[in-house]
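Peer 1: The structure that follows is given in the form of structure tokens.
The values are calculated or read from the model by the stated rules, or taken from the named source; none is laboratory data. Source: prediction; values computed, not measured. With ideal geometry, Cβ positions are generated from the backbone for all residues, glycine too; neighbour counts draw on all protein chains shown. Side chains included, ligands, DNA and RNA excluded: accessible areas come from the protein's heavy atoms. Shrake-Rupley method; radii C 1.70, N 1.55, O 1.52, S 1.80 Å.
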Amino acid sequence: MRTLFIKAVGVVVGALLLSGCALPSTPYDYTAYRASRPTSVLILPPINHSPEVKATYSVLAQLSRPLGEAGYYVLPVALVDETFRGNGMSTPEDIQSIPFDKLHDTFGADAALYVVVEDYGTSYHVINSDTRVTLSARLVDLRTGALLWQGAGYASTAEERGQSSSLAGMLLSAIVNQIVDSVSDYGHEVAGRADERLLSPQRVNGILPGPHSPTYAQAMATPTP
């Protein structure tokens, strides 16, 4: 009987994996988000925890698009960066430590997006290479200092590369991938996908649509218990 039960559980789990199903995550509490109703967002230069020096601006350069497509007015990142530098602020760590009220007084944005680059770059192995970008972020109301949302985004070239079944095929694939990665900026491309996933309103527990989105009213309505 015990053996039959274990086999049955294995069949169920296997079916769930094959169907792409996953256990539901805990719903995010958007109470503060809906109360704030931000319309404009200031994107701060991401703090870089990776060894890749270009990670901050590679990620920053591609954050405006998904946030704008989500329905928010995004302050121009080049103008914002120039303003910080003109006031002697050049490092993301220093910029992200500026008081909320100071940022609000200077830029007039309702909220600020604080991003951290957790991982950025290519890892080389004997039979494989993988370029990955991992981000974490939080959206903060600059008028009150309230945390509105936090989440993470991840993208990798391993998602799109097939794996050969033979050792010779894997070695050849690794050599080709390493050459391609070394002569092209795959990290920047992968960072764009990570940005899109991080700031997509369609993802589970993602940001809410902004005021210029056709689904804004529905998203801001308090859900029925």
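Peer 1: Mind checking whether some residue in segment 31-41 is open to solvent by less than 10 Å² (accessible area, probe 1.4 Å), under 30 Å from residue 131 (Cβ atoms), in contact (Cβ under 8 Å) with a residue 60 or more places away in the chain and not in a loop (DSSP other than H, G, I, E, B)? Let's see the steps before the verdict.
Peer 2: Within segment 31-41, the subset open to solvent by less than 10 Å² (accessible area, probe 1.4 Å) is 33, 38, 41.
Remaining after also requiring under 30 Å from residue 131 (Cβ atoms): 41.
Pick out the ones that are also in contact (Cβ under 8 Å) with a residue 60 or more places away in the chain and you get 41.
Subset that is not in a loop (DSSP other than H, G, I, E, B): 41.
Looking through segment 31-41, at least one residue is open to solvent by less than 10 Å² (accessible area, probe 1.4 Å), under 30 Å from residue 131 (Cβ atoms), in contact (Cβ under 8 Å) with a residue 60 or more places away in the chain and not in a loop (DSSP other than H, G, I, E, B).
Peer 1: Could you tell me whether residue 108 is out of contact with any helix residue (DSSP H, G or I) (no Cβ under 8 Å at 6 or more places or on another chain), on the phi > 0 side of the Ramachandran plot and surrounded by fewer than 19 Cβ atoms within 10 Å (Cβ to Cβ)? Explain how you work it out, then say what you get.
Peer 2: Numbers: out of contact with any helix residue (DSSP H, G or I) (no Cβ under 8 Å at 6 or more places or on another chain): yes; on the phi > 0 side of the Ramachandran plot: yes; surrounded by fewer than 19 Cβ atoms within 10 Å (Cβ to Cβ): yes.
Yes, satisfied.
Peer 1: So if I check each of 77, 59, which one is in contact with a strand residue (DSSP E or B) (Cβ under 8 Å, 6 or more places away or on another chain) and within 20 Å of residue 212 (Cα to Cα)? Before the answer, list the steps.
Peer 2: Details: 59 fails: within 20 Å of residue 212 (Cα to Cα).
Every option except 77 fails the conditions.
Peer 1: Separate question: All but one of (1) closer than 18 Å to residue 142 by Cβ; (2) surrounded by 14 or more Cβ atoms within 10 Å (Cβ to Cβ); (3) hydrophobic (A, V, I, L, M, F, W, C) hold for residue 61; state the number of the condition that does not hold.
Peer 2: Of (1) closer than 18 Å to residue 142 by Cβ; (2) surrounded by 14 or more Cβ atoms within 10 Å (Cβ to Cβ); (3) hydrophobic (A, V, I, L, M, F, W, C), only one is false for residue 61: (1).
Peer 1: Same structure again: Across segment 62-97, what is the number of residues that are under 18 Å from residue 40 (Cα atoms) and part of a loop (DSSP other than H, G, I, E, B)? Full working, then the answer.
Peer 2: Step one: of segment 62-97, the residues under 18 Å from residue 40 (Cα atoms) are 62-81, 83, 96.
Keeping just the survivors that are part of a loop (DSSP other than H, G, I, E, B) gives 62-63, 70-72, 75-76.
Here the count works out to 7.
Peer 1: If you check 27, 51, which single one turns out to be within 17 Å of residue 148 (Cβ to Cβ), surrounded by fewer than 16 Cβ atoms within 10 Å (Cβ to Cβ) and modelled with pLDDT under 95? Don't jump to the end; show me each part of the working.
Peer 2: Details: 51 fails: within 17 Å of residue 148 (Cβ to Cβ).
Step by step, each of 27, 51 is checked, and only 27 is within 17 Å of residue 148 (Cβ to Cβ), surrounded by fewer than 16 Cβ atoms within 10 Å (Cβ to Cβ) and modelled with pLDDT under 95.
Peer 1: Another question, then. Scan 90, 58, 64, 97 and give me the residue that is without any contact (Cβ under 8 Å) to a residue 60 or more places away in the chain and within 16 Å of the chain's Cα centre (by Cα). Let's see the steps before the verdict.
Peer 2: Numbers: 90 fails: within 16 Å of the chain's Cα centre (by Cα); 58 fails: without any contact (Cβ under 8 Å) to a residue 60 or more places away in the chain; 97 fails: within 16 Å of the chain's Cα centre (by Cα).
Only one candidate passes the filter, namely 64.
Peer 1: Do any helices (runs of 4 or more DSSP H) lying entirely in segment 152-220 carry at least 3 residues that are at pLDDT 65 or above, and which ones are they? Spell out the reasoning first.
Peer 2: Values: elements: 167-183, 186-198, 216-220.
The qualifying helices (runs of 4 or more DSSP H) are 186-198, 216-220.
Peer 1: When you check residue 45 against the structure, is it within 23 Å of residue 104 (Cα to Cα), open to solvent by less than 60 Å² (accessible area, probe 1.4 Å) and not in a helix (DSSP H, G or I), yes or no? Give the derivation first.
Peer 2: Working: within 23 Å of residue 104 (Cα to Cα): yes; open to solvent by less than 60 Å² (accessible area, probe 1.4 Å): yes; not in a helix (DSSP H, G or I): yes.
So residue 45 fits the description; yes.
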